[in-house]
1. Indicate the gyration tensor shape class of the chain (rounded, prolate or oblate), computed on the Cα atoms with a ≥ b ≥ c the square roots of the eigenvalues: a/c under 1.5 is rounded; otherwise a/b larger than b/c is prolate and the rest oblate.
2. Just to be sure I understand: of the beta bridges DSSP finds with both ends in the chain, what percent are antiparallel, rounded to 5?
3. Among Trp44, Trp26, Trp78, which comes first, second and so on when ranked by fewest other beta-carbon atoms within 10 Å?
4. Test of understanding: in a Gaussian network model of the chain with alpha carbons linked when under 10 Å, which of Glu160, Glu28, Glu105 would top the mean-square fluctuation ranking?
5. If the reach is capped at under 21 angstrom between alpha carbons, list the lysines near Lys58, excluding any in the same chain fewer than eight residues apart.
6. With a 10 Å radius around each residue's Cβ, average the other Cβ atoms per peptide and rank 84-96, 115-127, highest first.
7. Can you tell me which aspartates and glutamates have their Cα less than 14 Å from the Cα of Lys149? Leave out same-chain residues fewer than eight positions away.
8. Between Gly76, Gly188, Gly146, where does the largest GNM mean-square fluctuation fall for the chain, given springs only between Cα atoms within less than 10 Å?
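Bear in mind that the values in this text are calculations on the coordinates, not laboratory data. All figures in this text were calculated on a predicted structure; none of them were measured in a lab. A quick note on method: Cβ atoms are made from the backbone with ideal geometry, for glycine too, and the neighbour counts reach across all protein chains shown.
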Amino acid sequence: MAKDTTGRLHVTVRSGGRRKLSSKLWLERQLNDPYVAQAKREGWRSRAAFKLIEMDDKHRFLKPAMTVVDLGAAPGGWSQVAAQRVGATEGKGKVIAIDLLEMPEIVGVTFARLDFLDNNAPDKLLAMMGGAADVVLSDMAANTTGHRKTDQLRMVGLVESAAAFAADVLRPGGTFIAKVFQSGADAGLLVQLKRDFQTVRHVKPAASRQDSSERYVLATGFRGRH
Ligand SMILES: C[S@@+](CC[C@H](N)C(=O)[O-])C[C@H]1O[C@@H](n2cnc3c(N)ncnc32)[C@H](O)[C@@H]1O
């Protein structure tokens with residue numbers, strides 16, 4: 001085992017046999033990723049938890065007794081962080097989470113397996129929430145087709161739907177955070193968000209892989225429904 005530039009041991013996975021090069025590279029990246037190791041040590045369901053921790057440490061939008069909606073929640077890192085920070089683990093705030101995939105239970109989180117793009121998803125979410133939300137989070141990523149333009153449009157469509165949902169359910173002063181990919185295709189989304197929120201910024205947490213075009217749009221100070 002060699003050491004990398006930071007002095008950490010670097011694990012190399014043997015290729016060949018039935019293992020494809022893409023799975024070898026994925027496995028190597030997982031084994032050598034300090035956030036994966038830290039998430040395992042600290043009991044977070046995903047390395048993504050550190051992205052939300054960093055954004056909230058800096059911008060302080062998760063507060064005790066808040067209601068948070070987590071769209072695209074599985075395997076549950078963000079839901080764990082939100083539940084802890086709003087106090088849902090002690091029965092104070094509320095975290096409502098959905099995903100296309102099943103998600104094992106998390107204390108303080110109400111989960112439903114649901115496609116956010118289903119026509120009746122907003123109504124189902126509202127029924128689970130039982131009132132307005134303070135924060136809407138979306139870490140959803142659309143499945144890719146391999147066709148760049150199609151993938152960009154699908155991703156933008158997903159974020160725009162999440163932003164429209166947020167504008168329907170947030171309390172004045174509320175926060176919306178969504179994963180976006182730097183593509184230049186989200187100009188319309190930014191216009192919509194700047195109309196609805198006092199502050200809109202793009203953020204790239206340290207835990208977001210540097211070689212990916214992933215960013216988060218962080219919109220704070222919801223102005224209220226028109
Ligand atoms: C990057 S993962 C989320 C990781 C999560 N934030 C965490 O901390 O563990 C993205 C998730 O979005 C979900 N997703 C994508 N499209 C969706 C949709 N239309 N409705 C619900 N969930 C969706 C995927 O199933 C996937 O689990």
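1. prolate
2. So the antiparallel bridges amount to about 45 percent of the total.
3. Least to most surrounded, the residues fall as Trp26, Trp44, Trp78.
4. Maximum among the listed residues: Glu28.
5. Qualifying lysines at Cα under 21 Å: Lys179, Lys194, Lys204.
6. Ranked by mean Cβ neighbours within 10 Å, highest first: 84-96, 115-127.
7. Within reach: Asp186.
8. Evaluated over the chain, the most mobile residue of the options is Gly146.
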